[in-house]
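Take a look at the structure set out below.
The values are calculated or read from the model by the stated rules, or taken from the named source; none is laboratory data. Being a predicted model, the structure only gives us computed values, none of them experimental. Here the Cβ positions follow ideal geometry from the backbone for every residue, glycine too, while neighbour counts run over all protein chains shown. Accessible surface is based on the protein model in full, side chains and every heavy atom, while ligands, DNA and RNA are left aside. Shrake-Rupley method; radii C 1.70, N 1.55, O 1.52, S 1.80 Å.
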Amino acid sequence: MIRNVEVLVVGGGPAGLCAAQAAASMGAKVTMLERDYVPGGQLVKQTHKFFGSEKQHAGERGFQIGRMLLDEIQADPNIEILPETTALGCYEDGVITALQGDKHLKFRPERTILATGAAEKFLAFPGNDLPGVYGAGAVQTLMNVAGVKPAQRVLMVGSGNIGLIVSYQLKQAGVEVAGVVEAAPRIGGYLVHAAKIRRAGIPILTGWTVKEAFGKEQVEGAVICQLDDKFQQIPGTEKTIACDAICLAVGLTPLTELCWQAGCEMKYIRELSGHVPVVSDDLETTKAGIYAAGDVTGIEEASSAMVEGKIAGYSAAASLGHSPEEAARLRQEAMEELRQLRSGPTGGKINAGIEKVKQDGGVVHVNLYRYSH
Amino acid sequence: MLISTGIPTEEDLQGVMPPAQRRKLGPVAMAECFQKIPCNPCVAACRQKAITMGNDINECPKIDFDLCTGCGVCLTKCPGLAIFIIDETYGADTALVKLPFEYLPLPQAGQYAMGLNRAGEELGWFKVVQVIKGSARNLTHTICLEVPKELSMEVRNIREGGYRDE
């Protein structure tokens, strides 16, 4: 049986939570699919205080923000949360299918908000299949969700905000961090995070990479080496680091399978870290009634994902005739919030990427029938 | 270079350091925030309205050292843990450095902790005068450390654990 729903939100991370809340606050009936047993996405693992302004709950820790948003939407009679429910497919007639335990669910939403987030990138090097080579997200899940110490001594690869923050969290959990290697000549993440781990004695090596991991049954160490300005390994600069885990924090890429399946026009935008759906200012994709918000539209901070969620939620609700004037006003406010967040140097790359999305050309048209049989 | 090592340079610090004249008058805040990022909780935290950043949330904070009383509220609110309170009037030869701290175990007042500089290098054992615990919601603790006056601009962290009683 296909269930008719008004607004279907796919993904319960920062964007999805805020989208659900915004749409429901205008009077829309919202159903949220969350593959984990509880919504919150990456927020549940973030033990550090968030940046941004008061409007995005700056100064609160990620898990606190997640809990607060979750409390609010759980108390909202207009929102139905379906946990442990993984969206499987988005069909050309707009039907979305999902797996909940052994049940195959089908939804026909009037509006869909895709807030599927991102996936971690991996790095190719000899030995990267050894037990002990982790993605940063897994390390955070072990430490901050499951309460399991992932290793005794870790080499961190990547100095973006995730690499810096997870290094800090490892140190807080009593794990030694041998160092952070960063292929680029500059630290990628916020310098306050870098300064915080540096004064705790964690070296940050820019212009270095992991050459190989070694170990018999699991990681026993890593060979790191310096890179030249063309990112080529410099022979003779190798150093051996003893460690029982290597943590990869080498970036994220938008999780866009559902956008592709839906037949949204897609573009490869380097600044947004991968293929992203072409969206309007309302965050509606080129498929009418399907919106996208958060990292799926380009890799950015959780604070902007939350604001994007609001924009998509208000837009979807307004398009269904729910409090259109109030929704338009609040959407305008959210757009101004987003503009401010992106107005500095760190937002420059994002703005450049969004401009490229808007320009003509580079659009990938999907053959709808590729996905149907 | 801060951008390649995470360690602010002397030049970086000169731009945000309270002047020596001001430091002789009592406790004062120092925001070691050098990069334009979208963040402004310090502005709202300051009851003296000593911290400003214009209209752009991406600006670095500016502290009016004449208005600042060194109360330390901003220290616990800064998401980057980048604000420190320096009191060079604390003792004849010593200064009090207040620093944000989010590790366990916490030292107890009266114990000695290994002081670290911005590169995480050891500077010596210094007395923990007071530990102000963060609230259940805030969770950032403040360590008040008595250091030789000439190290007031050097000590920026303590090593977690291994505290000594004398």
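Before moving on, here are some points about what is shown:
- Across A:K310/A:K356; A:K55/A:K267; A:K171/A:K310; A:K45/B:K127; A:K55/B:K36, pairs whose alpha-carbon gap is larger than 29 Å: A:K55/A:K267; A:K171/A:K310; A:K45/B:K127
- Degrees, to the nearest 10: A:161-172 long Cα axis against longest axis of chain A: 60
- Residues in segment A:283-292 carry Karplus couplings, in order, of 6, 7, 6, 6, 8, 3, x, 10, 10, 9 Hz; the curve used is 6.51 cos²θ - 1.76 cosθ + 1.60 with θ = phi - 60°, and Gly or Pro positions show x.
- Gap separating the Cα centres of segment A:312-345 and segment B:104-166, nearest whole Å: 45
- Between amide H atoms placed 1.01 Å from N, distances below 5 Å from B:T94 occur with B:K149, all of them 5 or more places distant or on a separate chain.
- Percent RCO, i.e. relative contact order, over chain A, from Cα pairs under 8 Å lying at least 6 residues apart: 20
- Chains B and A together, accessible area buried on both sides, 1.4 angstrom probe, square angstrom: 3200
- Dipole magnitude for the protein assembly as shown: about 380 debye, using +1 per Lys or Arg Cβ and -1 per Asp or Glu Cβ, origin at the Cα centre.
- Amide proton proximity set for A:N128, modelled H, under 5 Å, gap of 5+: A:A213
- List of segment A:192-224 residues, accessible area with partners at least 50 Å² below that of the chain alone (1.4 Å probe): A:V192, A:R198, A:R199
- Inverse mean reciprocal Cα-Cα distance (Kirkwood Rh) of the protein assembly as shown, Å: 24.6
- Lys/Arg +1, Asp/Glu -1 at C-beta; the protein assembly as shown dipole; positive extreme among A:V357, B:A95, B:C46: B:A95
- 3J(HN,Hα) along segment A:256-266, derived from phi through the Karplus expression 6.51 cos²θ - 1.76 cosθ + 1.60 where θ = phi - 60°, amounts to 10, 3, 5, 5, 4, 4, 6, x, 5, 5, 10 Hz, with x in place of Gly and Pro.
- ³J(HN,Hα), Karplus 6.51/-1.76/1.60, whole Hz, each residue of segment A:26-36, x for Gly, Pro: 8, x, 7, 8, 10, 10, 10, 9, 9, 6, 7
- Excluding exposed DSSP-loop chymotrypsin sites (Phe, Trp or Tyr not before Pro) (at most 14 other C-beta within 10 Å), longest clean stretch of chain A: A:232-373
- Set of aspartates and glutamates near A:K230 by C-alpha distance (under 12 Å), chain-local residues within fewer than 8 positions excluded: none
- In this structure the amide hydrogen of A:G40, modeled in the peptide plane, comes within under 5 Å of the amide hydrogens of A:G12, A:G13, none closer than 5 places in sequence on its chain.
- Residue among B:C71, B:C46, B:C144 with the largest mean-square fluctuation in a Gaussian network model of chain B, springs linking Cα atoms under 10 Å: B:C71
- Computed with the Debye formula from one identical point scatterer per Cα of segment A:122-248, without solvent, the log10 of I(q)/I(0) at q = 0.09, 0.15, 0.16 Å⁻¹ comes to -0.22, -0.62, -0.71.
- Projecting the Cα atoms of A:L155, A:Y190, A:I246 onto the charge dipole of segment A:122-248, computed from C-beta unit charges around the Cα centre, puts A:Y190 farthest toward the positive end.
- By definition, a body whose alpha carbon gyration tensor gives a ≥ b ≥ c is prolate when a/c is 1.5 or more and a/b is larger than b/c, and segment A:189-301 fits this prolate description.
- Partner aspartates and glutamates whose Cα lies under 16 Å from the Cα of A:K149, excluding those fewer than 8 positions away in the same chain, are identified as A:E176, A:D244.
- When +1 charges are put on Lys and Arg Cβ atoms and -1 charges on Asp and Glu Cβ atoms, the dipole computed for segment B:90-166 relative to its Cα centre reaches about 340 debye.
- Within segment B:90-166, all pairs of alpha-carbon atoms sorted by distance into 10 Å bins from zero give the percentages 22, 56, 21, 1.
- Put a dot 7 Å past the Cα of A:R108, heading toward its Cβ, do the same for A:E54, and the two dots end up 4.7 nm apart.
- Span per principal axis, largest first, for the Cα atoms of chain B (Å): 49, 36, 35
- DSSP bridge pairs, chain A: antiparallel proportion in percent, nearest 5: 50
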